[in-house]
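One structure below.
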Protein chains: 2
Amino acid sequence: MDLSHRKVNKRLHFSDGNGNPLAEKEVHVKQTNHSFLFGCGAFDFMPYLMKKDEEFTTLTEYWLDLFNYGTLPFYWGRFEPEEGQPQTEMLMKTAEYLKSKNVTVKGHPLCWHTVCADWLMKYDNETIMKKQLERIDREVTGFKGVIDMWDVINEVVIMPIFDKYDNAITRICKEKGRVALIKEVFEKAHECNPDATLLLNDFNTSINYEILIDGCLNAGVPISAIGIQSHQHQGYWGAEKLNDVLERFSRFNLPIHFTENTLISGELMAPHIVDLNDWQVDDWPSTPEGEARQCKEVEEMYRILFAHPLVEAITSWDYKDGAWLNAPSGFVRRDKTPKPSHAMLKKLIKNEWWTDTSVRTDSNGFASIKAMKGSYVLESEGKCANAELVDDSEAVIVL
Amino acid sequence: MDLSHRKVNKRLHFSDGNGNPLAEKEVHVKQTNHSFLFGCGAFDFMPYLMKKDEEFTTLTEYWLDLFNYGTLPFYWGRFEPEEGQPQTEMLMKTAEYLKSKNVTVKGHPLCWHTVCADWLMKYDNETIMKKQLERIDREVTGFKGVIDMWDVINEVVIMPIFDKYDNAITRICKEKGRVALIKEVFEKAHECNPDATLLLNDFNTSINYEILIDGCLNAGVPISAIGIQSHQHQGYWGAEKLNDVLERFSRFNLPIHFTENTLISGELMAPHIVDLNDWQVDDWPSTPEGEARQCKEVEEMYRILFAHPLVEAITSWDYKDGAWLNAPSGFVRRDKTPKPSHAMLKKLIKNEWWTDTSVRTDSNGFASIKAMKGSYVLESEGKCANAELVDDSEAVIVL
């Protein structure tokens, strides 16, 4: 697969602090981070940080070894179970910790009909909408600089026709219509943080979602990236469906984020289940055959997505088995031992797609570097400099 | 069913030419047309007018006895089979004739991937789009005053993914996206005739079409009315589906036109057929049981639609059996004899929903009239005046 879009081919000029070229020197080019966002749910960081629970230490260290991008939960019903009592402190502490570890953090989601705050339902629609926009202002403004990436609104295709239970967000979506609601929440988020990456996110990958995005873009909604969920509890999509989805959603020429990816290492969920939440089991074991299958599927899927020029992020939903739906959906088992998929992903992210090399400068101090886009330490004779190698433009490095 | 939205309750003041009130006079209130558009395909008028073919005389007279609204074909591939040779004269003659009979005419369609002009395919996409807009200008400007109602674009939900055969319109829709193409063709039509009624038309009544309309309206597309096709060759939708569709498409608060209605009086088309055009039969007879069923379905459907406040038009697609798909889809049989549905529809349109009454003016020349919205002749003692009774505002009638 062609990965040229993931790489730089860059001419660097090395000099010392006095402006003299560093001629004929060996330079160690050591990658420290990817430009590409390799993500995972980072919910597990919250108990670690809040309760100082040592059980999570190993888990989060493994996590940080693999990922540079984490999703934190902002479900309104859990974030603010009682009106006026948001869990801001816990989320801020977790986000700041992740940021200190060079992890990009995304908040998920600002508007959704599921896990919504029940107390909203006592208000009329106009008040619900007002509170929704205030909530966006509070989170997006409050976390600015720590969280600059948001799933602004989630699963809008189904939002106004969702009928499993009454909720405040379905009510306002039904009244306003999908595109008008999307427009309002995006405009508010954009106003509060004009530099933020703002995602529309959905599990629906049919033409419904295509038409919705098309309408939003023509209506001027400031969508930064298209979020695609891919919970595959009922079986891996396979390369054909994956390529079809990529082709169809590439038409908008926007970055694509795979926001919620699940590939399980146990028995598949029955195909007749429509809402995955309807599958509730006490026990859902990870099996050796399942783990081998998961490893193969993770490899194929990440390879296809990494090769696609518009894909900028892949987030696996669960790091550890037994989270959402009690599924064997993690890279580590319930006992925290890593599965084969963990080693496979590490091999891809930190080896095959990772640059650790040396170059030699010429007599004028120039060297050309081919490297994966990302953050680097450049080192020569005990002196080093940080550098972002993200494009092909020539640059000067002072060592 | 409540039909108050179809009626006026109007106070009229009758006076003579000198301004004297016509006191204590009997006035005959005689409806001559409906405000509601009772329509039908009017393709059969073309051979009548062009070839002076007397075979069509009876047929068109029956037609005019029932309908006040006709659809004329502007399929690009037939309207302009060779580039630069449009059938303008034939269409203009037919449209003018219908207009002279107080029939509102709609042109169908200005942009569609089916029955498209093959010669367009030799051009690049930019040129195809240019020719599409020029075509809209030519027809909408050229027929202005005679045809002021257009199905601007047809079946856009499927347009960019239509893959039965290559065609110029699918190409441009795929490139531009649905909403952008809709916006361009509507804006051109609106620019050419700002007073025209402009329809988006589709057979898809799923949430795909809802989301498409939602996107278009938020993007500022000047849609005057939502067009819904209802070709029921595979069986009558029934009241439940009909009411569901009405409820879902009412959300936009735009007029709704049932643009292409078919209820057949023969054996139903097999349910596995997805594209109705795939069902091609040599013989598809109308049967006595089928005709009884069709009559019942026509009655129920027209009653439901006429009772809905947002519905402004119902067009039955075929007047005579054996037209599209060779189906027994008409109000008259192949031998031109009317079916029970013909009598039923006439009873509804020209009797039950028709006003022919008398009122008596008071001592000051006033009379209150309850009447179906429409055109009227008001007559008293040999003198008469035309009047449009379309709202409840008081008016003066000079006899």
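The values are calculated or read from the model by the stated rules, or taken from the named source; none is laboratory data. Since this is a predicted model, take the numbers as computed values, not measurements. Because the Cβ atoms are built from the backbone with ideal geometry, glycine has one as well, and the counts that use them run over all protein chains shown.
Would you point out the residue of segment A:7-42, among those that are aliphatic (A, V, I, L, M) and more than 23 Å from residue A:348 (Cα to Cα), that is surrounded by the fewest Cβ atoms within 10 Å (Cβ to Cβ)?
A:23
Among the residues of segment B:224-267, which ones are touching a strand residue (DSSP E or B) at 6+ places or on another chain (Cβ under 9 Å) and among the aliphatic types (A, V, I, L, M)?
Result: B:225, B:226, B:228, B:242, B:245, B:246, B:254, B:256, B:263, B:264.
Can you confirm whether residue A:239 is more than 11 Å from every other protein chain (Cβ to nearest Cβ), touching an Asp or Glu at 6+ places or on another chain (Cβ under 7 Å), over 24 Å from residue A:42 (Cα atoms) and of a type outside the set (Lys, Arg)?
yes
Condition first: among the β-branched types (Val, Ile, Thr) and out of contact with any Cys (no Cβ under 8 Å at 6 or more places or on another chain). Now tell me which residues in segment B:342-392 satisfy that.
B:349, B:355, B:357, B:359, B:361, B:369, B:390
Taking interchain pairs and intrachain pairs at least six residues apart, which have beta carbon atoms under 8 angstrom, with the first residue in segment A:249-264 and polar (S, T, N, Q) and the second buried (at least 22 other Cβ atoms within 10 Å of the Cβ) and outside any strand (DSSP E or B)?
Listed pairs, sorted by first residue: A:261/A:301; A:261/A:317; A:262/A:317; A:262/A:318; A:262/A:327; A:262/A:329.
Which condition from (1) part of a helix (DSSP H, G or I); (2) more than 13 Å from every other protein chain (Cβ to nearest Cβ); (3) surrounded by 21 or more Cβ atoms within 10 Å (Cβ to Cβ) is the one that residue B:190 breaks?
Every listed condition holds for residue B:190 apart from (3).
What residue, of A:49, A:3, is aliphatic (A, V, I, L, M), touching a Phe, Trp or Tyr at 6+ places or on another chain (Cβ under 9 Å), surrounded by fewer than 21 Cβ atoms within 10 Å (Cβ to Cβ) and at pLDDT below 95?
The match here is A:49.
State the number of residues belonging to segment B:43-83 that are in a helix (DSSP H, G or I) and either more than 22 Å from residue B:347 (Cα to Cα) or without any contact (Cβ under 8 Å) to a residue 40 or more places away in the chain (or both).
Count: 17.
Could you check segment A:1-18 and list, in sequence order, the residues that are closer than 15 Å to residue A:361 by Cα and part of a loop (DSSP other than H, G, I, E, B)?
Scanning segment A:1-18 gives a single hit, A:16.
Please state which of the following conditions residue B:215 fails to meet, knowing it meets all the rest: (1) among the small types (Gly, Ala, Ser); (2) out of contact with any Gly (no Cβ under 6 Å at 6 or more places or on another chain); (3) at pLDDT 95 or above.
(2)
Out of the residues in segment A:242-259 meeting the condition of being more than 11 Å from chain B (Cβ to nearest Cβ) and touching an Asp or Glu at 6+ places or on another chain (Cβ under 9 Å), tell me which one is farthest from residue A:107 (Cα to Cα).
Going through the qualifying residues, I end up with A:242.
Identify all residues within segment A:156-180 that are part of a loop (DSSP other than H, G, I, E, B), more than 10 Å from every other protein chain (Cβ to nearest Cβ) and crowded, with 21+ Cβ neighbours inside 10 Å; write none if there are none.
A:167
Select from segment B:217-266 the residues that are assigned to a helix (DSSP H, G or I) and touching a Lys or Arg at 6+ places or on another chain (Cβ under 7 Å) and list them in ascending order.
B:218
Looking at the structure I just gave you, is residue B:183 in a helix (DSSP H, G or I), modelled with pLDDT of 95 or more, over 23 Å from residue A:213 (Cα atoms) and among the basic types (Lys, Arg)?
Spelling it out, it is not the case that residue B:183 is in a helix (DSSP H, G or I), modelled with pLDDT of 95 or more, over 23 Å from residue A:213 (Cα atoms) and among the basic types (Lys, Arg).
Are there any pairs, at least 6 apart or on different chains, whose C-beta atoms fall under 8 Å, with the first in segment B:120-133 and without any contact (Cβ under 8 Å) to a residue 24 or more places away in the chain and the second not in a loop (DSSP other than H, G, I, E, B), and if so, which?
B:131/B:120
Among the numbered conditions (1) small (Gly, Ala, Ser); (2) in contact (Cβ under 8 Å) with a residue 12 or more places away in the chain; (3) over 21 Å from residue A:353 (Cβ atoms), tell me where residue A:19 comes up short.
Unmet condition: (2).
Go through A:144, A:131 for me and flag whichever is outside any loop (DSSP other than H, G, I, E, B) and either within 14 Å of another protein chain (Cβ to nearest Cβ) or surrounded by fewer than 21 Cβ atoms within 10 Å (Cβ to Cβ) (or both).
A:131
Give the residue that is farthest from residue B:210 (Cα to Cα), with candidates limited to residues of segment A:201-232 that are away from chain B (no Cβ under 14 Å) and among the hydrophobic types (A, V, I, L, M, F, W, C).
Step by step, filter segment A:201-232, then rank; the result is A:225.
If you take just the strands (runs of 3 or more DSSP E) that sit entirely in segment A:292-399, which of them hold at least 1 residues that are surrounded by fewer than 15 Cβ atoms within 10 Å (Cβ to Cβ)?
The strands (runs of 3 or more DSSP E) meeting that bar are A:356-360, A:366-372, A:374-380, A:383-389, A:395-398.
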